[in-house]
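Since every read-out is calculated from the coordinates, none of them should be taken as a lab result. No experiment lies behind these values; they were computed from the predicted model shown. As a convention, Cβ positions derive from the backbone with ideal geometry for all residues, glycine included, and neighbour counts pool all protein chains shown.
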Amino acid sequence: MTNQKLNGGTGLLRSFIKSVILSIIIIAAAAGLYMGLVTLNILTVWLGFIYLYYFTAVKHFQFSSFITTFIGGLVGVLVVYAMPFLSLYMGLNGQIIWLVLLIIIIAILIEGRFKYINDFTMLIVTVFAIPHLAKPQEFTMALVTYAIFTVLLGVPSYIMHQKMTKANQNDPK
């Protein structure tokens with residue numbers, strides 16, 4: 001009995017050590033990516049890292065949810081950047097239009113009627129709600145960051161999906 005507990009404890013320790021090593025690798029990769037993007041003068045990297053978090057931790061890097069995650073986030077980015085642009089060009093009327101748009105999007109999310117307005121849409125809207133985060137002059141860079149992270153997440157996710165599909169086809173069950 002004691003032997004089983006010790007072996008179970010060793011397994012837990014190995015599992016924890018693997019998690020620590022994986023965490024170090026992820027942090028190093030994220031730091032390298034951050035430095036590379038900053039070197040390219042892409043400074044809206046937080047948007048990409050939110051995308052990275054959501055797609056890997058919440059959607060578990062599943063290619064089947066890639067398109068809905070991508071489009072949902074893009075809708076969120078466009079909705080958020082609509083606010084400063086509408087305010088800039090239409091003043092108070094633009095802000096009212098944006099508020100009505102936000103209410104409609106939240107209602108669609110609650111009803112679940114459109115799969116491309118999803119939790120990731122609202123995560124982007126919520127984060128962008130931080131004052132002064134959605135600056136109109138950073139709109140292009142936000143889209144560039146989003147595109148870079150889409151490729152960085154989509155390509156490996158697709159490759160993994162293809163390998164799993166091929167492995168399942170070759171499995172002689």
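Restricting to lysine pairs 8 or more places apart or on different chains, what number in the chain have Cα atoms under 26 Å apart? Final tally of qualifying lysine pairs is 7. Subtracting the Cα-Cα distance of Leu102 and Gln169 from 0.36 nm times their residue separation leaves 19.7 nm of extension gain. Per residue of the chain, the DSSP helices (runs of n ≥ 4 H) give a summed -39500 (n - 2.57) that works out to -27000 deg cm²/dmol at 222 nm.
Quick one: if the Förster radius is 35 Å, what FRET efficiency do His60 and Leu143 give, using the C-beta to C-beta distance and rounding to 0.05? After rounding, the FRET efficiency stands at 0.85.
Relative contact order, percent, of segment 44-170 when contacts are C-alpha pairs under 8 Å separated by at least 6 residues? Walk me through the numbers before you get to the answer.
On the way: 108 pairs, mean separation 51.6, N = 127.
The value is 41 percent.
Tell me, what is the FRET efficiency for Val151 and Val20 to the nearest 0.05, using R0 = 30 angstrom and their Cβ-Cβ distance as r? Between Val151 and Val20 the formula returns 0.55.
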